[in-house]
Amino acid sequence: MSTVYNWQIGREMTYPHAERHPQWQFAFVFNPNRCIGCQTCTMACKSTWTFSKGQELMWWNNVETKPYGGYPQHWDAKLLNMLEEVNPGGQVWNAAAPEPHKQPYGVFEGMTIFEAADRKPASDGPRRALGYLPTDDEWRSPNIHEDTATGGRQNAEGQFGDAVELPEHKVWFFHLARICNHCTYPGCLASCPRNAIYKRPEDGIVLIDQSRCRGYRYCVEGCPYKKAMYRPTTRTSEKCIACYPRIEGKDPELGPDGVPSETRCMSACVGKIRLQGLVKIDEATGGWAVDAQNPLYFLIRERQVALPLYPQFGTEPNGFYIPPRWVPRDYLLQMFGPGVEHAIEQYSCPDRELMAVLQLFRASRQILFSYKIEQGEKVAEVEVTMPNGESRTQEIFNDTVLGYNKLGEEVVRITVEEPTFERPKEVHVNSI
Ligand code: SF4
Ligand code: SF4
């Protein structure tokens, strides 16, 4: 076991392999506030990578309805319960952060899946990460409980009344889109006895070497997000490959040679909830290099408006979420950690710069490495009720945000206010 630093839990932790970092890291922000659960992303992935025999139950991208849905069923609740069982009452955060940049969400004082592994060995021997193997039934219904809400009841008139008022709805659900998080300390990689799983040094993408894999399924057990999956026809495990030919810039239709493009699931997103990128890793520290003009760095590290999914598992996932602002906070806290209030506060009333950067979601198929803002005129002033009940005046400016690809070329130019076009008065004959 080695000791590695995990910035998301704000402390060192044990990990089965020595600390090593890529030059760039594949990362993404999803905004569940905007997800409509249309599954276009799911089908874009399915029709590209998992349409063959033996992959029928395999959905590298899935969108589940929380709190009841899950693929596989109950994946998160099961692991949270296992961790609580081995460390009763101890899975807690100390949100006071002595070094805000090193410990942006405070310090997680409980046990990660790597630290808890010894406490609960599997029936056939020890493991390097605490986990479990889902049953076939649990994989079978990727969209179970779709759009099923939880919470209060309708009143006598059949109305929900105040059940759907902010800051927290009493009747609620939300869509959680998920892919492999290409974790910094992957549970799948740690668990593989064949060293068949590796993290690419150029972009941090986590892949399974099919020629080394023997299908033991330890990775399926050890991935806390259940994003490593077994394929019975080849007797190997498979997982999301982050559409790596696109990240390498190999698709001539998407841009100049070598210019990275977003994955299939990202580019297909109808709700414009997704922004994918590559963040530079600081060679000296192994952490994220300060790069405030990179939209992902700005949203995740600078503004902390997007948070990691279950950071307490300890894998340092590179997928981040803007918490859905109507959902009860205790549910969000266990899912995204102590940064939730701060993130929702900012998202509820974004300032000028945040408002501009939020326009970049799904604005280009090429990955944006930096942005610039050109200031425009003030177009509105609105009263916003903040989550704590205070009223705030939000000024909205029609700024233009520009996005640049890896070569520094401008590939996006978009305004905060959506342009409208008035059709001329003359009659237009329908051509159909
Ligand atoms: S999400 Fe799971 S499969 Fe993906 S890198 Fe992390 S541990 Fe491995
Ligand atoms: S395509 Fe986008 S909006 Fe539709 S389900 Fe996927 S993430 Fe949500």
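Can we say Val379 is out of contact with any Pro (no Cβ under 8 Å at 6 or more places or on another chain), outside any loop (DSSP other than H, G, I, E, B), modelled with pLDDT of 95 or more and surrounded by 16 or more Cβ atoms within 10 Å (Cβ to Cβ)? Criteria not met by Val379.
You will find that of Lys425, Lys406, the residue that is part of a loop (DSSP other than H, G, I, E, B) and at pLDDT 95 or above is Lys406 and no other.
A single entry from Gly161, Gly204, Gly222 fulfils the requirement of being of a type in the set (Gly, Ala, Ser) and surrounded by fewer than 20 Cβ atoms within 10 Å (Cβ to Cβ): Gly161. Of note, Gly152 satisfies the criterion of being without any contact (Cβ under 8 Å) to a residue 24 or more places away in the chain, more than 11 Å from ligand 1 (Cβ to nearest atom), surrounded by 15 or more Cβ atoms within 10 Å (Cβ to Cβ) and over 27 Å from Leu83 (Cα atoms). Among the strands (runs of 3 or more DSSP E) confined to the stretch 172-229, the ones with at least 1 residues that are modelled with pLDDT of 95 or more and within 16 Å of ligand 2 (Cβ to nearest atom) are located at 174-178.
Condition check ((1) among the acidic types (Asp, Glu); (2) within 10 Å of ligand 2 (Cβ to nearest atom); (3) out of contact with any helix residue (DSSP H, G or I) (no Cβ under 7 Å at 6 or more places or on another chain); (4) modelled with pLDDT under 95) across all residues:
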residue	(1), (2), (3), (4)
Trp7	no, no, yes, no
Gln25	no, no, yes, no
Cys35	no, yes, yes, no
Phe51	no, no, yes, no
Met58	no, no, yes, no
Asn62	no, yes, no, no
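A count restricted to the stretch 382-397 and to residues that are farther than 24 Å from Val29 by Cα and not in a strand (DSSP E or B) stands at 3. Residue count for the stretch 217-247 under the criterion of being among the charged types (D, E, K, R), more than 29 Å from Gly314 (Cβ to Cβ) and in contact (Cβ under 8 Å) with a residue 40 or more places away in the chain: the result is 0. Restricting attention to the stretch 270-329 and to residues that are modelled with pLDDT of 95 or more and of a type in the set (S, T, N, Q), the residue that is farthest from Asp351 (Cα to Cα) turns out to be Thr315.
The values are calculated or read from the model by the stated rules, or taken from the named source; none is laboratory data. Just so it is clear, the model here is predicted, and its values are computed rather than measured. Heads up, the Cβs are rebuilt from the backbone with ideal geometry, glycines too, and the neighbour counts pull from every protein chain shown.
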